[in-house]
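Asks: Structure incoming, see below.
The values are calculated or read from the model by the stated rules, or taken from the named source; none is laboratory data. None of the values given here were measured: they were computed from a predicted structure. Neighbour counts are summed over all protein chains in view; Cβ atoms, including those assigned to glycine, are modelled from backbone coordinates with ideal geometry. All accessible areas refer to the heavy atoms of the entire protein, side chains included, with ligands and DNA or RNA removed. Shrake-Rupley method; radii C 1.70, N 1.55, O 1.52, S 1.80 Å.
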Amino acid sequence: MRVLLTIEYRGTNYCGWQQQKNGVSVSSTIEDAIFKITGQKVRLKGAGRTDAGVHAYNMKAHFDIDFPIPPEKFAYVLNNTLPPDIRIKKSEQVDDDFHSRFHAKSKTYIYKILLTDNPGGLCYDTHCAVKPPLDIDAMKKASEYLLGAHDFSAFMSQGSKPSSTVRIITDVSFEIRDFDGGYGQELIFKITGNSFLYNMVRVIVAQLIKVGKNILKPEDIKTILESKQRKNAKELAPASGLYLLDIEY
């Protein structure tokens, strides 16, 4: 049977979702837990990849197995084996031809910015700390240039060779609220698209922060986008603030 997992994790202690030689990954940790329970080696097929330090609320991944555990019970038994920073929120059986990556219609990411003069020790791995002020209205205006279908080459880090650098962004939004603990305010940037290039969201956020700091004008985002040159968008926002929020099928 093919089992689909919905996974929440804090990426701080991992080298990313994908198995790598230089550290422990989220996927390999789950695969090891499955082996401990079933004695079978499986390979998780994830809906995408997240880098070291990036978090997820609802990562999706599937695997094939022949074992007498009801598919909906895998979440319970795995959570008894996994470390506390990885939780299986749901396990379910899917069709044998279902693929968590290739059948995904859209993905949504959020990026958390903590507006504070004095970052707390509890937030170093969950937010990107930025000293206020930040012109959020200008950031909103700048983000509108991202909507629609564009070649996002200027917002892609080296390290992958996609067949196409065109992506479709369907929604962008900002939410600001008081942050618990009196540290300041929390700004949450949300972006939804059919797919994302390597480090695309983090590059976008870094440029939006420059807009918020009046280093760039909102219309400069359009110029950078049309240039298709990463040299015009060199900065990369920290991994700590990035979260895979959801995947739609």
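Asks: Output the residue which, of all residues in the range 121-165 that are among the charged types (D, E, K, R) and closer than 18 Å to Y109 by Cα, is least open to solvent (accessible area, probe 1.4 Å).
Replies: So the residue we want is D125.
Asks: Okay, next question. Would you confirm whether any residue within the range 2-25 is at pLDDT 95 or above, over 27 Å from I168 (Cβ atoms) and touching a Leu at 6+ places or on another chain (Cβ under 6 Å)?
Replies: The answer is no; no qualifying residue exists.
Residue-by-condition table, conditions (1) assigned to a loop (DSSP other than H, G, I, E, B); (2) in contact with a helix residue (DSSP H, G or I) (Cβ under 6 Å, 6 or more places away or on another chain):
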site	(1), (2)
R49	yes, no
M59	no, no
P68	yes, no
L78	no, yes
K89	no, no
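Asks: OK, next. Within the range 39-46, identify whether any single residue is over 30 Å from V203 (Cβ atoms) and touching a helix residue (DSSP H, G or I) at 6+ places or on another chain (Cβ under 6 Å), and answer yes or no.
Replies: Yes - at least one qualifying residue is present in the range 39-46.
Asks: Would you tally the residues in the range 177-203 being open to solvent by 40 Å² or more (accessible area, probe 1.4 Å) and either under 17 Å from the mean Cα position of the chain (by Cα) or without any contact (Cβ under 8 Å) to a residue 60 or more places away in the chain (or both)?
Replies: Here the count works out to 7.
Asks: How do the pairs read when you match residues in the range 139-167 that are part of a loop (DSSP other than H, G, I, E, B) with residues anywhere that are among the aliphatic types (A, V, I, L, M) and surrounded by fewer than 17 Cβ atoms within 10 Å (Cβ to Cβ), using Cβ under 7 Å and keeping only pairs 6 or more apart or on different chains?
Replies: S157/L236
Asks: Among the listed residues Y249, Y243, which satisfies the condition of being of a type in the set (F, W, Y) and open to solvent by 70 Å² or more (accessible area, probe 1.4 Å)?
Replies: Every option except Y249 fails the conditions.
Asks: Same structure again: Name the single residue, out of those in the range 31-82 being among the acidic types (D, E) and surrounded by fewer than 16 Cβ atoms within 10 Å (Cβ to Cβ), that is farthest from the chain's Cα centre (by Cα).
Replies: D66
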